[in-house]
Each structure stands twice: as C-alpha cells, then as structure tokens.
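Below is one structure, written out as structure tokens, with a few remarks after it.
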Amino acid sequence: MKFKFNPNQEFQLKAIKNVVDLFDGIGEYHTQFTLGSEIAPNLPENEDLDDDFLLENLQFVQEEFDMQMDARDTPTMKIGVSHSLEKERGQMLEGVSNDIYEYPSFSVEMETGTGKTYVYLRTIHELNQKYGFNKFVIVVPSIAIYQGVKKSWEITRDHFKTIYGNDFCALRAYDSSRIQEVKTFATAKNIEILLITLAAFNSVSNNLYKPTDKLPGELLPFEYIQQTRPIVILDEPQNMGSQKSKDALRTLKPLFSLRYSATHRETPNLVYRLTPVEAFRRNLVKRIQVVGVEQRELGGKVPISLKKVSGTGRNAKVTLVTYTSKKGIQKIEEVILKTGDNLFDKTHLEEHKGMKIHNIGSSKGEEFVEFEEGTVLTAYGGDGISKPDVFRYQIKETLAQHIAHQKKVERHGAKVLSLFFIDKVKNYVGDGVQPGIIKKIFNEEFGKLKDQLERFKDKTPEDVQASYFASYRNKPKGGQEETIYLDDEATNEKQRKAEKKQFELIMKKKEELLSFDNDVCFIFAHSALKEGWDNPNVFQICTLNQTLSKDKKRQEIGRGLRLAVNQKLERLNDDQVNILTVIANESYESFANTLQQEYLEQEGEAPPKPKPKRAPAKRQDKFYTSEEFRDFWKKLTLKSNYTINVNSDKLLAEIKEKFKDKKNNTFPVPKVVISKGNFVITTFTFRIKSFEENNTAIVSVIKEDTKGNRINLGGDLFDGGLLISENDDLEKLLKEPKLRGFKVNSIESKKSNPDIEFKNGFKVSKFKPETYTVSDNRDVKSKDSKSGLSKFPIFNVVNKLEQATSLTKETCFKILKAVPFDEQPKLFRNPEGFTNKLIEITKNALAIHVAENIEFELSKDMKEDDLEELFPEKIDYVQTEIVETENHGLYNRTQKDSDIEEVFVSSKLELDNNVQFFFKFPSKYKIDFPKIIGNYNPDWGIIRKDLSGIKVQLIRETKGTAEIENLRFVHEINKVKVAKRHFGALGIDYDVIKGDEDSWYIKKEDNELNKLF
C-alpha cells in the first residue's frame, strides 16, 4: 500500500512558489560550483545573498500574495509587507565559538494537517532545480517529529521522483553513532538532506562538537555542516525559541532558514499564510465535533483535581488542575498555591470565591489540601468523582461514535481508527496479573456494543486493540528485572531510546493500520506520544486522563485533522466523511471556548474599547488632616476582645433542622454530564464601500463560516452594502446576535485615513477591510448520567469535621450520627463530596450560632495602621468606576463598586450639607472577626452634624436591602450582625442601608421609635 499524493493542490503550490521566488534572479550557475576542497556548498565562501536583493523579492512576494487575498475577499490571510529584512543575529553556542553570526529567516504558516512537511520537502526539490541549492538541514524539536519526517520522506520519495525525474536525493537521519555520515552529507554533489533533532547539537557536550576517529582530518563534525552553508528548515520553530536553541542554530552557519508551523510565536519575514479558519473553510482538514464528558457533583460544582503536593510544612505547595477564566474565556490550567493563598486570585472564577487554602497534607500516599470553607481534596479522589465511571462514559461514547462513523464511511472504503491517549500507563497495562482499569472497561464495553457492526461480530476485544507505550527494562540493586513505563516525556538517554523505538514502531504500522486486513482499529498510547500519531484515518480522539487535561486543544485535535484515505490510500474529499470527534474529559462548552481562543490568537478578534487616561483621585487634606478625621480613626483602631458562648445542644438542634432542608442541603451524588456539538468558526468581514452625505456611510458585512457558508448581510440595496449612521446598532439592523457591541460610535470621512469606529473599539479603515471572528457552537445537546456504583476508601469523617470546625470530637460524632438515614449511603459513594457537604452545613449553622452569641469588650490596646499607606495622596482608579466627590469626599473622586453606591454617594453624601466629610474604607482595612465569620471590610465612614449641631461618627453598609435578614447570602447576614456588635462596643453608630433613603443617617431602631411618637 502506498499513499497517493495530488501534485496540483493550489494552496501547497503557492506556499512553495512564495519561498522559491525569494531568490529569483540569482541564476543557476552555482549548481556546478565546488571549492578546491571536497566540500560542495550551497554558495561559495566569498559570496552572500544581498540584503537589498532579498528585501525587494520579499516585498514583491508579500504584495502579490496580499493582492490575491484581497481578490478572494479573505483579509485574514493577508501577511503585510515588510519594511526591512529581519535577520537572526547573535553569538554561536558557548564553548564552541565566540563568533557573532547572522542570517535571514523566512516564515511559512500552515494549519496542521494541510501538508506542511510535503510542502517543505517539495520546496527543497524546487530550490535545487531552479538555483542548484543542494544542502539542507531539517531541524526538529522532538523524536516524534523526527520519526514523522523520516516517514514522510519515505512515502513521498517516488512521488517526487515522478515530478522531478531525480533519484539523487538522500535523507540522512543524524545518529551520533554514525557520525561519519556528516562528511558524506557535506561532500555529495546531489541533493543532501540532514535530519537532526535540536537536542543533538544544542550542548557543547554533544558528539557533533567532539573529535572522533570516525572522521580523520582537521575538521570537527559540525564544521563539515558549517562549510556547506546549509539551508536550515525549522519544523515547529516555536519549540526552539530559547536563547540556547538560537545559539545552537547560529552555530550551523545557515545561508538562510525557512520556518514552518501552524502555531508560530514569531514570524520573521512571513511569506505565506494558511490560517485555521481558511483551512476549515476550504475543506482542507476534517471538521470538528466535540463530545464533552464532564464530571460534576449534584449542584454542578466546578471540578478541581489535586495533581501533586511538593515540599513539606510551611514550604508545602499544592498543584491543582481546574478551570480558569481570562477575558471571559474558561480554560483548564494548572495552578500552584501555598497555605493562605486564595484560589479565586488564580482562577478568577466566581465559583472559587472564598476558597482559601487552610491546610496542605504532604505525607506520601496521604496528600490532601483543605480549604477554609471546608472543601477537602485528596490525591485518590480529586474532585469526588469516580474516575472509572468517567472513563467508562468516555470509552462508551468513543465506541458508539466509532461504530456509527464506520457504518457511514464503509461505502467509501475508509477504515475508521480511534485513538485513546492516557496519562498513567498503569491504568491500561495493570499490575502484570490483572489488566488496568481502562483496558478492563474497554473490553467490557466492546463486548456490549460489538454486535452493532458486522465487522466486529466475530472479533474479541484483543483482536481490535493495540497499545504503544515507551518502556525499558530496569534491574534495581538486589532486585528483579522489571519493565518501566514512561508516564512523562523522556528526560535521559535510556528513556529517549525507549521513546524512539516506540515512535519507529508507530510509523512502521502507519499504512498497515489503514487496511481492513488488519483488525486493529482502537489504539491506546501515552499522551507523551501524541505527536507520533499523524494518521489520516483517525476519526475519534479520546483523552483518558486522571486529571483534567490542560494540553493545548489544537495539539489534542492535531493528530486527527488530516483528510481521510480509502483502501487505495487516495484522499477522500467528502465533508460527510471528514469529521473528527473529540471525546474530551471536560464540558463541550469549556473545550470549544478554549479551542476558539487558541484559534482567535492567530485570527484576531474585536478588541475591547480602549479606556481613556484620567487624572488620579486626589486626597483632600482639609478633611484628612482635620481633628474630626483623626479622632474618628483613633476610635476605629481600638482593639476589642470577643467571647463566644457555644451551646452544643442548641447547635446540634440547628444542624438537624438544616438537614431537613432537602432543597439546599442534599448530600451530593456524583454524575457525569455528556454534551455534544459541532465546532464552527464564523468570520465577519467589514469593508467601507463609500462615505455619504450627513455623516453616513455604506459598508458591506460578509458573514462566512468554516462549513463553507457565505452571506452578504447587507442584502441587495446599495450595491450589496448597508447604509449606516452614528449610533446605528448592527446587531439590531442585521438581526445578528454575534454582532453585539457593534454600535456605530463615529464616522470620520475627512481624515487622511477615513474610518468608522464602533463603541466596542473595533475600527474599519477606508483602505483596509477588517475581520471579526467568533466560534459558533451549534446544536449543543446535553444529557446527565448518574455515576456508577464505584466506592471510595473512607477516611475519618469525624476527624475532618473536627479539624474544619474546631468543635469537640464528641459533638462532631453526634453531628455525623444525625445525618438522615436515607442520606448516609452517599458517604460510601462519594466520601469527599459527602464530607465537604457535612462540613459546609455544620459551618453554616455554627457561623449563625456564633453571630447570635458573640460578645465584644473594648481593649486599651490599639492597632497600628499606616494612614499614609491606607490613604495615599493619589489613587489611580478605572475610569468607569468613579464618582465625583469634590464636595465632601476624603478624595475628590471615589471608586464605586455598584449602582447602589453611586446613588448613595452622588444623591445623598455629596448633596447633604450636614455631611462634614466621608470616605470609603480601603480594601486593605480589615477587622478581625472569628475565622468562621471571616474578616470584615466596612463600606463608608461618615462625619455628620445632627440637628443639635453635634458631629456624629457613622458607619454605613450599602446593600440591596436594608433588612438584614433579607440579605442575599447567609455569610453577609452573619458579618453584619457581628459588625453591629463590634461597632456598638466602640460606640459608633452602624447600620445597613439601601442608600436611597432620606433618613439614611438615622438608625432603623431610632426611626421605629420616632414613628411611635
């Protein structure tokens, strides 16, 4: 079986031509050039490529490409025109040479799965045919890509021979044990390609820099490469961007370099671009559908996994894997915290507010992390969900998708492959006696579903599955030889050899796996081997991780984007065949949002509206230095001691009452939520057609998506355009909800560069169309499934409750016994979820009990506050959060956190002439309350004259309601009740108000008395 290649794919030919045209004009007289020595270089030693010549050609290539993109109305593909030639300049590898070297680099951006390797291998032939260049070094960052390039060269060799009639092209895969081949590479007169990993030459200790008997003579191995003046091709250069890597690349002394990637970090001298959106739109890659298998407890809590604990005691740190939110986009990331850290500060997720690390346990095998609000995570349970249950749903979904898709593509002669990536090999291979949990589940689920597909009916699970894990034999001192499986990427020579061996095996099986003669169609591999699985007939990718997967989504889907082939290894171009299904261990929404964000990083999106610079808030020293302020603050710094009288019997009765509240206090049952939808990207292209009278303009808005749909939203009027004026809202005009925020702010037709600006900051120039890209998550369907019957090991619940609440062991035992009988079995199904809920219920009841029974007593001691730090001369605030407070504010501008605060400040405090001054308590100012209540930061401090002219000290808390019991959160009620007692002890008038009351300065109790009289 041999892969068939189409030599006439326009997008590939354009990428090749744009590189070849960079050197147009140098002629091919260099082809036969040789030095007096035996080395055959690309150019003689005394001849260089002129910078001005290269820049002129580069600009021509870029201008021509952008004109073609304009003609196609695909502005996101445009690459722009360079003003200067970017060159890579710096020192060579330390310890090898102190010389400075520079060379130009040219970048090609191509989406994964569109034939990037094919393009640069064919570019080599074109450069040789046109200019006589014959020495090329392909540098790759990993063994996986190294083996992949070797395989690509093998399967394209005959194809290129047919095109170029040239059988004199050799690829030499560098191996330090055959180092003499660098001399053959340097001296051969035909096309020579040296394939090498970066790790083979990025250290002075590498064999490439050492003398060897295998290469007699004056030159060291690397000097043979240098003297060829090689053209260096960088595959995935974003993984070779460190200073040391750049030094190593300069040490090869390239004539120039060509950089190929889908995910560049930098693109010097960009000559070609094929974006992900364009690749989807042209059906050059498979379309994506996502099945999200999300693990949740009842109530939909955001999952958190404990990955590891490092260090001990005060130095202990915990690594958690959970969702984070940045710019409204949720993604899965690792976060590292220590005792006292707040999870919300790292994730910015509302669900994580108040989750402060209280304790970290680092004993081996018993690692845990405890949060102040009661949640406890352990290494074995993570987020309280049974991993085998999640694995089962993922495997079942993968099998179901596999069978359904095989039925669909059978008539096309395509064999469907499914890939399972796992992060713990033991979960598959087991202990040598019993299979691992993943293999066991697969065998069971395959047995249940196999009769749905004719091809599977007489097959056993063993017939249809294969596994690829890097391993090596190891014999510990005094022990027996054992097999060691790699759970992480290789870090030493023995591990790298194990990886290399496994990648070689994967590549050898590439064609074989595509044949129906081979029964294997379910492949299990370690996540670290992902890059090796570049097989066109991968239609399902399932990640079976013990923790949430934090890999780049584009990396996860990259292995399955290539268009499928049939039994003759011919490409299939049917978009109903070419669908990749990702079975993710997170929700569809999370996966799709993260994937969208990764694509948008390369496509561009509507920017947030820039915030104009505003003068900082200035302190008004007439108030700050006043005797009234100083006296008020002196009273606020008085310390108070508190006593709490806990009535255990009453507390237990209150907790029992809470157990009866089934709506809010049901103990959690694990469940798995499965969501499914198609991943589609939609692009809007805005173009100004003309400016009209009365400050209006005609614009065209083209809507396209990656399913190939294209609509002119402007309709047929005004030559396919839309007449707009200031304050027009495109969302309403075009009935397009994705254009929310596109309200016309200004139409500037008389500027040198006329433009239209929208209120979200998006701007379209008369001379340059702009695009806005969003994901369009279509037909998303969800279903809930209860978790299986898995049971967890039970830890000491009473001890956990005692640690979390500081109640006595006896009281904790009584609380556990009081759990309703019908709720008790949930302890065995979900011990962490059960215990966390028990702690939560107990803490809530205890907090209410404390708030009702706390007593404060004044101390003579005073807190030491730095007033200059709390109230600096100037404060920079976000412009939209400012209220002008020139009349009575301690600052001439004051930050507001809500509309309620704004009403109170602007309509009451600023307009009341009896108010002497007021201030907002800075966030750094905290009053120490019991831990169960939490520290307190009041809202407003006010000095106001009463009817008799006496200056009264007031503290007011602005809330949505003035009725304490009606506050939204119980912890708010508790804090306010405790604050009332605290300030009462200080002799300060404290109250909760809505902020719009005329009598805001009178205590509610006093108001009620006034009404009586």
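Okay, here's what the table says:
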item: Peptide ranges 49-62, 822-835, 135-148 listed from the most packed, as the mean C-beta count within 10 angstrom indicates; result: 135-148, 822-835, 49-62
item: Label-point gap, in nm, between F821 and I163 - each point 7 angstrom along Cα→Cβ; result: 7.9
item: Computed [θ] at 222 nm, deg cm²/dmol, the chain (DSSP H ≥ 4; -39,500 (n - 2.57); rounded to nearest 500); result: -9000 deg cm²/dmol
item: Greater than 18 Å apart at Cα, pairs in K2/K508; K4/K510; K635/K874; result: K635/K874
item: Cα gyration tensor, the stretch 613-657 - rounded (a/c under 1.5), prolate or oblate; result: oblate
item: Links that overshoot a 18 Å alpha carbon limit, given the list K346/K676; K151/K244; K843/K975; K396/K707; K980/K1003; result: K346/K676; K151/K244; K396/K707
item: Distance cut-off 49 Å, percentage of C-alpha pairs in the chain lying past it; result: 41
item: Förster radius 41 Å - calculated FRET efficiency between L723 and E972 (Cβ-Cβ, nearest 0.05); result: 0.20
item: Tensor-based shape of the stretch 681-776 (alpha-carbon gyration tensor, a/c under 1.5 rounded, otherwise prolate or oblate); result: prolate
item: Difference of contour (0.36 nm per residue) and Cα-Cα distance, V952 to E693; result: 87.1 nm
item: Additional length obtainable on full extension of the chain from N359 to T460, 0.36 nm per residue less Cα span; result: 31.5 nm
item: Rounded FRET efficiency, nearest 0.05, which uses the C-beta distance separating E218 from S325 and R0 of 41 Å; result: 0.10
item: Amide N proximity, the stretch 35-65 versus V20 label position 7 Å along Cα-to-Cβ, cut-off under 16 Å; result: 61
item: Label-point separation in nm, K994 to D631, each point 7 Å along Cα→Cβ; result: 3.4
item: Tensor-based shape of the stretch 105-268 (alpha-carbon gyration tensor, a/c under 1.5 rounded, otherwise prolate or oblate); result: oblate
item: Cβ-derived FRET efficiency at R0 22 Å, K338 paired with Y877, nearest 0.05; result: 0.10
item: Relative contact order of the chain, pairs being alpha-carbon contacts under 8 Å that are 6 or more residues apart, as %; result: 11
item: Inter-centroid distance (Cα atoms) of the stretch 71-130 relative to the stretch 177-213, Å; result: 22
item: Share, in percent, of DSSP beta bridges within the chain that are antiparallel, nearest 5; result: 65
item: Separation of the K494 and K477 label points, Cα + 7 Å toward Cβ, nm; result: 1.4
item: Ordering of 67-75, 799-807 by burial proxy (mean other Cβ atoms within 10 Å per residue, highest first); result: 799-807, 67-75
item: Potential lengthening between K751 and E154 on full extension [0.36 nm per residue; Cα-Cα distance subtracted]; result: 209.1 nm
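Any read-out appearing in this document is the output of simple, stated calculations on the displayed coordinates, not a laboratory observation. Small disclaimer: the values here were computed from a predicted structure and weren't measured. Using ideal geometry, Cβ is built from the backbone for each residue, glycine included, and neighbour counts are taken over all protein chains shown.
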